[in-house]
Amino acid sequence: MMNKKVALITGASSGMGFETALNLLSMGYVVYGGARRVEQMKEIVEHGGYAMALDVTSEESMTAYVRQIIEKEKHIDILVNNAGYGSCGSIEEVPLEEVKRQYDVNVFGLGRMTQLVLPYMRKQRSGRIVNVASMGGRFTTPYCGWYHSTKYAVEAISDALRMEVQPFGIDVIVIEPGLIQTNWGIIAGKNIRKVSGDGDYSVNADKAAQYYEARYGNQKAGLTNPKTIAGIICESIVAKRPKTRYLVGKNAKSFVFLKNILSDRAFQSVAMKSMHMVNKL
């Protein structure tokens with residue numbers, strides 16, 4: 001078993017995390033899926049993996065998760081920080097408590113899991129950390145600003161970490177998915193209306209909600225399958241010299257390209273026009 005590489009995956013109960021776990025198992029890795037909903041990881045267990053309770057907002061849960069794996073396997077080779085979620089609404093109106101919770105999951109949980117595994121990776125002078133960010137870590141759209149800020153943070157943390165741990169033989173990779181087959185946009189629209197559906201922001205908030213819902217309303221409308229993203233994650237894990245970033249999925253490259261070539265005001269204008277938002281309320 002010491003010859004088999006050990007992979008830890010957070011947010012493994014569904015979507016990209018779940019599919020990545022199954023892929024790595026088929027490739028011969030020892031896989032530990034972590035999530036709050038352990039019952040949704042039964043298939044991982046059926047394929048020879050391990051399903052463990054993990055709450056990335058709990059120090060006790062994260063510490064116990066890593067400790068149990070080290071006690072059994074003695075080493076950790078791969079960490080896939082996949083746990084995350086989006087909560088939307090105007091910057092002014094999203095309750096600060098919800099902002100903190102989103103940072104706890106998307107940023108601080110990712111950071112703490114990284115801190116917990118790094119001592120073992122440094123000791124063995126090898127390891128690979130894969131941080132799942134988003135194309136939304138490269139540009140920003142209205143009424144999801146707090147969410148975008150968490151993904152920007154993941155980008156910055158990953159870049160700094162990569163330089164710090166390279167001398168220890170550890171790679172840091174960022175995955176930046178585009179539009180994938182989830183209910184993200186439906187949930188975003190619902191949250192926007194809940195938080196900003198009344199009051200001064202309501203007109204443009206409703207238009208933003210409609211925009212997000214329209215892009216995720218039809219699961220067969222060309223959105224990228226999570227299995228595709230999982231394949232890219234696994235590709236980055238086995239690559240001899242992985243890229244620092246993998247920008248993949250529907251609209252990811254085109255949206256980032258526009259952000260790179262347009263001025264801030266031009267990009268803002270394009271974004272607001274595409275959402276049919278009004279310039280004066």
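The values are calculated or read from the model by the stated rules, or taken from the named source; none is laboratory data. Values in this document were obtained by computation on a predicted structure and should not be read as measured data. Here the Cβ is made from the backbone with ideal geometry for all residues, glycine too, and neighbour counts use every protein chain on show. SASA here: full protein model, heavy atoms, side chains in, ligands and nucleic acids out. Shrake-Rupley method; radii C 1.70, N 1.55, O 1.52, S 1.80 Å.
For a Förster distance of 35 Å, can you work out the FRET efficiency between the beta-carbons of R36 and R241, rounded to the nearest 0.05?
Details: r = 35 Å, r/R0 = 1.01.
Taking R0 as 35 Å, the efficiency between R36 and R241 is 0.50.
Result for the chain in a Gaussian network model with C-alpha springs under 10 Å: among M135, M113, M163, the largest mean-square fluctuation is at M163. Subtracting the Cα-Cα distance from 0.36 nm times the residue separation, let me have the gained length for I91 to F168 in nm, one decimal. Answer, rounded to one decimal: 23.7 nm.
Relative to the first principal axis of the alpha-carbon coordinates of the chain, what is the inclination of helix 59-73, with its axis defined by its Cα atoms, in degrees from 0 to 90 and to the nearest 10? With rounding to tens, the tilt is 30 degrees.
Here the Debye sum runs over all C-alpha atoms of region 134-268 as equal scatterers in vacuum, and log10 of I(q)/I(0) at q = 0.16, 0.17, 0.21, 0.22 Å⁻¹ comes out as -0.93, -1.02, -1.33, -1.39. Taking 7 Å steps out from each Cα toward its Cβ at I70 and D264 produces label points 4.3 nm apart.
For region 86-208, averaging the sequence separation of C-alpha pairs within contact (under 8 Å, six or more residues apart) and dividing by the residue count gives a relative contact order of 37 percent. Just so you know, the averaged projected area of the alpha carbon convex hull for region 130-169 sits at 2.8 nm². Rolling a 1.4 Å probe over the heavy atoms of the protein chains gives region 97-195 an accessible area of 42 Å² per residue.
For the chain, the mean residue ellipticity at 222 nm estimated from helices alone is -15500 deg cm²/dmol, where every DSSP H run of n ≥ 4 contributes -39500 (n - 2.57) and the total is divided by all residues, rounded to the nearest 500. Straight-line cross-link reach from K250 at under 28 Å between alpha-carbon atoms covers these lysines, not counting any fewer than eight positions away in the same chain: K151, K190, K194, K207, K220, K227, K240, K259, K273. Per residue, the accessible area of region 219-281 comes to 66 Å², computed with a 1.4 Å probe over protein heavy atoms only.
Which percent of the accessible area of region 1-62 is formed by carbon and sulfur heavy atoms (probe 1.4 angstrom)? Write out the running numbers ahead of the final one.
Numbers: 1430 of 2970 Å².
After summing per-atom areas, the C and S share lands at 48 percent.
Based on Cα atoms of region 41-161, Rg over Rh with Rh as the Kirkwood radius reads 1.02. Let me know the shape class of region 209-281, please: from the alpha-carbon gyration tensor, a ≥ b ≥ c as square roots of the eigenvalues, rounded when a/c is under 1.5, otherwise prolate if a/b is greater than b/c, or oblate. Cα axes put region 209-281 in the oblate bin. Look at where the Cα atoms of region 65-126 and of region 171-194 average out, and the two centres are 18 Å apart. Taking region 120-151 and a reference point 7 angstrom along Cα→Cβ of D159, the backbone N atoms nearer than 14 Å belong to 137-139, 151.
Against the empirical 2.2 N^0.38 Å (N residues), the chain has a Cα radius of gyration ratio of 1.02. Between 0 and 90 degrees, the angle of helix 15-26 with respect to the longest Cα principal axis of the chain falls at about 20 degrees.
Among the cysteines of the chain, those with no neighbouring cysteine Cβ under 4.7 Å are C234. Each listed q (0.16, 0.24 Å⁻¹) maps to a log10 I(q)/I(0) for region 236-275, found by the Debye formula over equal Cα scatterers with no solvent: -0.54, -0.83.
Of the heavy-atom accessible surface of region 155-262 (probe 1.4 angstrom), what whole percent is carbon and sulfur? Walk me through the numbers before you get to the answer.
Working: 3030 of 5690 Å².
Exposed carbon and sulfur together represent 53 percent of the surface.
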